[in-house]
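Worksheet: one structure, shown below.
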Amino acid sequence: MANLSHLPGPQGKDNQPGLKGTVYIAPEEWFEKIAGFKTTNGKGDSVTIDGSHTFKDNPATPGVKYGFLKAYATQDTAQLKIEPTGERDGRGAKASLEFFNPGAGKEAAEFARIIKNTTCIMLVKTPDGVVQQVGAEDLGAEIVGSYDSGKLSGGRRGTTFKAEAYQNGNQYYEGIIDLLPA
Amino acid sequence: MELRPEVAEQFELTMGVTRVHVPQLGRDYDLTRISLEEAEQLVAVPGFDRLRRKQVPVKRGGAGGSNHRPRKGKKKESLM
């Protein structure tokens with residue numbers, strides 16, 4: 001409890017809501033090492049990931065490693081929420097991340113088909129560039145996609161992806177984000 | 001998985017990672033295409049270890065070494 005501190009207001013600084021339009025996603029199986037929280041006692045260390053995650057070699061392309069996939073999110077559709085779970089004397093939290101990926105292409109269909117059968121680590125960026133992580137080692141985020149064709153008279157064609165992960169609040173990632181080679 | 005020649009003279013990849021997003025610099029990099037200036041920026045980012053500056057070996061004696069070895073068998077004359 002040594003890290004409890006005052007909670008100031010905006011103090012003139014920006015506090016823009018929302019998330020940027022790229023979501024980084026990688027199945028847990030792809031990682032060589034999923035870094036955990038810092039064990040030092042600085043302010044915020046208990047919610048900050050220690051260093052960078054690293055990836056295994058991709059057997060499909062010898063000598064090349066896996067990395068995070070980049071998913072485009074239509075502007076103003078990505079949202080991260082963290083809600084409490086459990087009961088008195090046994091509380092936790094659950095993160096919910098949602099975003100919309102436009103189109104009716106095979107890539108999104110294949111992604112939705114496969115990703116629902118695995119657990120993932122996901123990263124999102126706030127408008128001011130802070131990277132937040134959803135999921136952790138052995139508590140990876142589960143992602144499901146819901147496709148909507150829209151209607152001729154209106155609506156939006158594409159897939160809404162919803163992810164959920166049990167984690168004890170916001171997780172801050174300050175490492176390097178390795179990307180899957182194109 | 002090779003750096004551009006002018007970059008490879010001074011830097012080397014450490015983990016076989018070639019595409020990265022660096023949140024501190026706010027952009028993606030293909031390490032096989034970066035310029036020397038970008039390589040310098042990347043290695044200056046705290047915690048960035050996907051690229052490192054090559055260690056230049058220090059030459060000590062032997063063929064091709066320093067030409068300023070003291071000659072044997074001849075002592076310097078004292079100024080006193």
Measure nothing but the geometry: give the 0 to 90° angle between the long axis through the Cα atoms of A:106-115 and the longest principal axis through the Cα atoms of chain A, rounded to 10°.
50 degrees
Taking a threshold of 23 Å on the Cα-Cα distance, which of the pairs A:38/A:125; A:65/A:94; A:106/A:162 fall above it?
A:65/A:94
Relative contact order (percent) for region B:5-48, with alpha-carbon contacts under 8 angstrom and 6 or more residues of separation?
33 percent
Give me B:1, B:15, A:122 sorted ascending by neighbouring Cβ count inside 10 Å, so fewest comes first.
B:1, B:15, A:122
How high is the relative contact order of region A:37-122? Use alpha-carbon pairs under 8 Å, at least six apart in sequence, and give a whole percent.
16 percent
Checked against the positive end of the charge dipole of the protein assembly as shown (+1 on Cβ of Lys and Arg, -1 on Cβ of Asp and Glu, about the Cα centre), the farthest of A:41, A:140, A:23 is A:41
Quote the relative contact order of chain A in percent (integer), defining contacts as alpha-carbon pairs under 8 Å separated by 6+ residues.
28 percent
Report the equivalent ellipsoid semi-axes for the protein assembly as shown in whole Å, largest first, defined as the square roots of five times the eigenvalues of the gyration tensor built from alpha carbon atoms.
47, 25, 17
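Evaluate the charge dipole of the protein assembly as shown about its Cα centre and quote only its size in Debye, nearest 20, assuming +1 on the Cβ of each Lys and Arg and -1 on the Cβ of each Asp and Glu. It would help to have the intermediate numbers written out before the result.
Details: 36 positive and 33 negative charges, 289 e Å.
About 1380 debye.
Every read-out reported here was derived from the displayed coordinates using simple, explicitly stated rules and does not represent laboratory data. Bear in mind the structure is a predicted one, so any value in this text is a computation, not a measurement. Positions of Cβ are generated from backbone atoms using ideal geometry, with glycine treated the same way; all protein chains shown enter the neighbour counts.
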